[in-house]
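*Asks:* Please find one structure pasted underneath; my questions will follow.
Quick note: the coordinates plus some simple rules give every number you see, no bench work behind them. Just so it is clear, the structure is predicted and the values come from calculations on it, not from any experiment. Because the Cβ atoms are built from the backbone with ideal geometry, glycine has one as well, and the counts that use them run over all protein chains shown.
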Amino acid sequence: TIRSIHARRIWDSRGRPTVEAEVTLADGATGRGIAPAGASRGTREAIELRDGGDRLGGLDVSQALAGIRDEIAPALRGIDALKQEEVDERLIGLDGTVNKARLGGNATVAVSLAVLHAAAASSGMPLWRYCAGGQPVSIPLPEIQIFGGGAHAGRRTDVQDFMVVAQRAQSFAEALEITAEIYRAAGSLMAERGRLQGVADEGGWWPAFDSNEEALDALVSAIERAGYTPGHEAAISLDIAASEFGRNGRYRLAMEDRELDSDGMAEYLLRWCERYPIVSVEDPLAEDDPDGLARFTASVGDRMQVIGDDFLVTNANLVERAAANGNVNAVLIKVNQAGTVSEAKAACAAAKRAGFGTIVSARSGETEDVAIAHLAVGWDSGQLKVGSFARSERMAKWNEVLRIEEQFEAGSVGIRDVFGRGK
Ligand code: PGA
Ligand code: ZN
């Protein structure tokens, strides 16, 4: 049972304050959970409680910490940490709002994750195994950013993530090695063109390009330079994050200096899908454009993964509705969008029931917390998105999956492709 919860302010990968919760159980087991932070957030996500005002850009979290200390800790004392759902229901009830606006999703997610860590420790299991609950699981396929744009790079490109998927890798270790070569090749290509300007928020090369297509062409060149065939060993995955520049059916492409309607935006992307080896597209249209998403998915859905991130915000009800309406065929799973472990798990389960792909994902503001590496394995999500192949808040998660892969016993399910097909 939960004995105490300590909350402290720590700092994330952008040097901003964030919430860490540390749970101690009666048997002495402990667990820590940390809230990540997004920069391109969906409007229906759990609210991040920030102090506001002038200090630290208004981003301090003292109210969120006070809520843990004064309300959450007393309310959870004595509850069985192995009963994650009961813990999370208590958090939801205590907050009392639909979007965790009162206590803050950053407070609830830190506590929820800390309880999960403590329960696994108390059970003497690695977190992934505890989360698997005896069910068969697999090692996720990583989608890894090479160029980071959009809200993560001062809107230098309209598209947010230019990623690669080593879709034919036989192991996670091999997928990372292939990606490392491509990341390196992309860096040297940028250097030769006099375009190397450091990295964006998630570690991808800063996208000093004159058009979105130039970034795509550079990505194809980087795959070739690394010695691979685009669309074979390595395919392209994009996060358009269209809610960042699209609203009310109008899409404002700053790089192209033009505005498109929903169909125009879809056609623009469909042309890319014909010209480039793209296997997955996330948020191709804005969160307020469900009909556009449904049309886009209908035209590509059988040969491409279409992921809802801002559109579905890790919400089981929204996932079920999207399945009924055919808006997308896959869902990003971010625990802090939901605000508790159980709600994120429910969204993941709803997605699987619908036959959707599931991609456990980090945020652009991250920390040394590697919980999502374990959740991706334990929930058998099939795919993992963490950002690029640089900066230790990213590498910590990739490296953790390497360790988990070593713990897999012979005969367990290996890595699959984006459509969940085994090798
Ligand atoms: P965010 O974006 O973490 O900055 O919100 C990540 C994503 O859109 O997948
Ligand atoms: Zn996204």
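*Asks:* What is the magnitude of the charge dipole of region 15-127 about its Cα centre, with +1 placed on the Cβ of each Lys and Arg, -1 on the Cβ of each Asp and Glu, and no other charges, expressed in debye to the nearest 20?
*Replies:* Values: 12 positive and 16 negative charges, 51 e Å.
It comes to approximately 240 debye.
*Asks:* Considering the Cα trace of the chain, what is its radius of gyration and what is Dmax, both in angstroms?
*Replies:* Every Cα atom of the chain included, Rg and Dmax give 20.6, 61 Å.
*Asks:* Run the numbers on region 1-103 and let me know its relative contact order in percent, using alpha-carbon pairs under 8 Å that are six or more apart.
*Replies:* Numbers: 152 pairs, mean separation 29.7, N = 103.
Result for region 1-103 is 29 percent.
*Asks:* What do you get for the angle between helix 262-275 and the principal long axis of the chain? Use alpha-carbon atoms, 0 to 90 degrees, nearest ten.
*Replies:* Roughly 70 degrees between the two axes.
*Asks:* I want to make sure I understand the PRE zone here: with the label point 7 angstrom from the Cα of ARG8 toward its beta carbon, which residues in region 104-118 have backbone N atoms less than 18 Å away?
*Replies:* Under 18 Å, as judged by backbone N against the label point of ARG8, lie 107, 110-115, 117-118 of region 104-118.
*Asks:* Still on this model: Assign unit charges at the C-beta atoms only (+1 for Lys and Arg, -1 for Asp and Glu), then state the dipole size of region 206-324 relative to its Cα centre in Debye, rounded to the nearest 20. Each step should come with its number before you reach the end.
*Replies:* Numbers: 10 positive and 25 negative charges, 43 e Å.
The calculation lands at about 200 debye.
*Asks:* Would you mind checking LYS100/LYS334; LYS334/LYS397; LYS352/LYS397; LYS352/LYS385; LYS345/LYS385; LYS83/LYS397 for any pair whose Cα atoms are more than 20 angstrom apart?
*Replies:* LYS352/LYS397; LYS83/LYS397
*Asks:* Gaussian network model of the chain, Cα springs within a sub-10 Å range: biggest mean-square fluctuation belongs to which of PRO284, PRO207, PRO230?
*Replies:* PRO230
*Asks:* Taking the mean number of other Cβ atoms within 10 Å as a proxy for protection, how do you rank 57-70, 335-348 from highest to lowest?
*Replies:* On the way: 57-70: 18.4, 335-348: 26.3.
Going from most to least packed, we get 335-348, 57-70.
*Asks:* Among 153-165, 211-223, what's the highest-first ranking by average C-beta atoms within 10 angstrom per residue? Each step should come with its number before you reach the end.
*Replies:* Numbers: 153-165: 24.4, 211-223: 19.8.
Most protected by this proxy first, the peptides run 153-165, 211-223.
*Asks:* Apply the a/c threshold of 1.5 to the C-alpha gyration tensor of region 274-404 and tell me whether it is rounded, prolate or oblate.
*Replies:* On the way: a/c = 1.96, a/b = 1.46, b/c = 1.34.
Prolate is the answer for region 274-404, as a/c is 1.5 or above and a/b outweighs b/c.
*Asks:* I want the antiparallel fraction of DSSP beta bridges within the chain, as a percent rounded to 5.
*Replies:* Numbers: 32 of 57 bridges.
About 55 percent, rounded to the nearest 5.
*Asks:* Please give the charge dipole size of the chain, origin at the Cα centre, charges +1 on K and R Cβ atoms and -1 on D and E Cβ atoms. Round to the nearest 20 debye. Walk me through the intermediate numbers first.
*Replies:* Details: 46 positive and 62 negative charges, 135 e Å.
Rounded to the nearest 20 debye, it is 640 debye.
*Asks:* When the Cα centres of region 1-46 and region 271-324 are compared, how far apart do they sit, in Å?
*Replies:* 31 Å
*Asks:* Quick one: what does P(r) look like for region 1-144 with 5 Å bins over all Cα pairs, in whole %?
*Replies:* 2, 10, 18, 21, 18, 15, 10, 4, 1, 0
*Asks:* Here is a follow-up. Output the peptides 135-147, 75-87 sorted from most to least packed, where packing is the average of other Cβ atoms within 10 Å over each peptide's residues.
*Replies:* Working: 135-147: 23.8, 75-87: 17.2.
Peptide ranking by packing, descending: 135-147, 75-87.
*Asks:* Something else now. Specify which residue in the list ALA226, LEU196, PHE209 is farthest towards the positive end of the charge dipole of region 190-257, using unit charges on the beta carbon of Lys, Arg (+1) and Asp, Glu (-1), about the Cα centre.
*Replies:* PHE209
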